[in-house]
1. For the range 146-269, give me the percentage of DSSP beta bridges that are antiparallel, rounded to the nearest 5 percent.
2. What is the magnitude of the charge dipole of the range 146-269 about its Cα centre, with +1 placed on the Cβ of each Lys and Arg, -1 on the Cβ of each Asp and Glu, and no other charges, expressed in debye to the nearest 20?
3. Rounded to the nearest whole Å³, what is the per residue volume of the convex hull around the Cα atoms of the range 1-160?
4. Among all the lysines, which ones have a C-alpha under 24 Å from LYS65's C-alpha, if same-chain residues fewer than 8 places away are not counted?
5. Using a Debye calculation, one point per C-alpha and no hydration shell, please list log10 I(q)/I(0) for the range 146-269 at q = 0.11, 0.21 Å⁻¹ in order.
6. What percentage of all Cα-Cα pairs in the chain are separated by more than 35 Å?
7. Would you kindly work out the equivalent ellipsoid of the range 82-228 from its C-alpha gyration tensor and give its semi-axes, the square roots of five times the eigenvalues, largest first in whole Å?
8. What pairs in LYS66/LYS319; LYS187/LYS261; LYS261/LYS319; LYS66/LYS120 have C-alpha atoms more than 32 Å from each other?
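The values are calculated or read from the model by the stated rules, or taken from the named source; none is laboratory data. Nothing here was measured: the structure is a model prediction, and the numbers come from that model. Positions of Cβ are generated from backbone atoms using ideal geometry, with glycine treated the same way; all protein chains shown enter the neighbour counts. The area values use the complete protein model at the heavy-atom level, side chains included, leaving out ligands, DNA and RNA. Shrake-Rupley method; radii C 1.70, N 1.55, O 1.52, S 1.80 Å.
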Amino acid sequence: MRAVVYDRYGPPDVLEVREVDKPNLGDDRLLIRVNAASLNRSDWEVLTARPVYVRLSGTGFLRPKKPILGSDIAGTVEAVGDEVTRFQPGDDVMGDIMWHGAQAFAEYVSVAEQAPLIVKPPGLSVEQAAAMPQAAVLALQGLRHIRPTEPGDRVLIIGAGGGGGTFAIQLARAAGAVVTAVDNGGKLAKMRELGADEVIDYTREDFARSSEEYDRILDFAGRRSIFSNRRVLRSDGVYAMVGGTMPRLLQAFLAGWVISKLGDQWMGVLLANPNREDLSYLANLAESGALTSAIEQTYPLEGVPEALQRLGQDRAVGKLVITM
Ligand SMILES: NC(=O)c1ccc[n+]([C@@H]2O[C@H](COP(=O)([O-])OP(=O)(O)OC[C@H]3O[C@@H](n4cnc5c(N)ncnc54)[C@H](OP(=O)(O)O)[C@@H]3O)[C@@H](O)[C@H]2O)c1
């Protein structure tokens, strides 16, 4: 089968399309023909081994342990192992396989049945389905973290024009929140189109210097100090950092723990829990038309390096999708 492989960390030039063996099935696994896959910031991080914690997270300290990247898939089950009970050949499935071997940028992938895979709703295109699993689940869990987002809540989404943020805008609006979306100037129009009430270009305006206060801050960028974010957080507000630089994540983890212990605010790092229930909820919402994957561009399998380059150069708005 064809796959996009790499054997050392680095820029997208280290990737090449090669013929490799089809993965083994195994008794508790599914062999899935990948119809579409989407890129996430986490693919860029595992490609480049930056931030540095990537090397410590089991992906390989000196070299990548797995030669193929890619977590989000929509595909068709080709074969199932003897112990598999929930799926059968021919099922169209979707899911985030980041913690279950990944390796989605290939024609076939072998995935354990216990991975957070679901049968794809029939009305959802493979492109829409592949764009959702990791980013939409992060957005949903970010908006439910500690307590649910409620009608009238003022929600600030930092990095709202990226993969997770474009889902978060729609989900926050659907919950009845008033949404302020922050990202670079090139993404403002898309953020408005997705429902943001107010948009801020972070290269021109500093939201932390405004007099606004927010009930919830969902931070997909993680570039600023937790203390500057705290300036615009209500006294009982929730601030969740989803991703960011190593120093910012550490600061949010440690200082956030102290802040959360001392008062009514909760500040800290969100740890995602990819699961079938959340993904089914989101996929059904998307099938009904109430949620959409903001897909900027689709590429063939050979286009994975170009797509990763676009993501890494911070030019992508919403999601980039690979179709086979
Ligand atoms: N917590 C967990 O369990 C978990 C699980 C999976 C993934 N993640 C992490 O989640 C993070 C976000 O994912 P994603 O897919 O949404 O990333 P993404 O698509 O890269 O989106 C991040 C957005 O933030 C913007 N941004 C950069 N600096 C900013 C700033 N100072 N202010 C406001 N916006 C800024 C980026 O725009 P520019 O183009 O301007 O850079 C981009 O649009 C990643 O770091 C990923 O590793 C976390």
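1. Working: 0 of 22 bridges.
Within the range 146-269, antiparallel bridges account for around 0 percent of the total.
2. 340
3. On the way: hull volume 23.4 nm³, N = 160.
Dividing the Cα hull volume of the range 1-160 by its residue count gives 146 Å³.
4. Once the sequence-local lysines are set aside, what remains near LYS65 is LYS22.
5. Ignoring solvent entirely, the Cα scatterers give -0.32, -1.21.
6. So the pairs more than 35 Å apart make up 19 percent of the total in the chain.
7. The answer is 34, 15, 15 Å, longest axis first.
8. LYS187/LYS261; LYS261/LYS319
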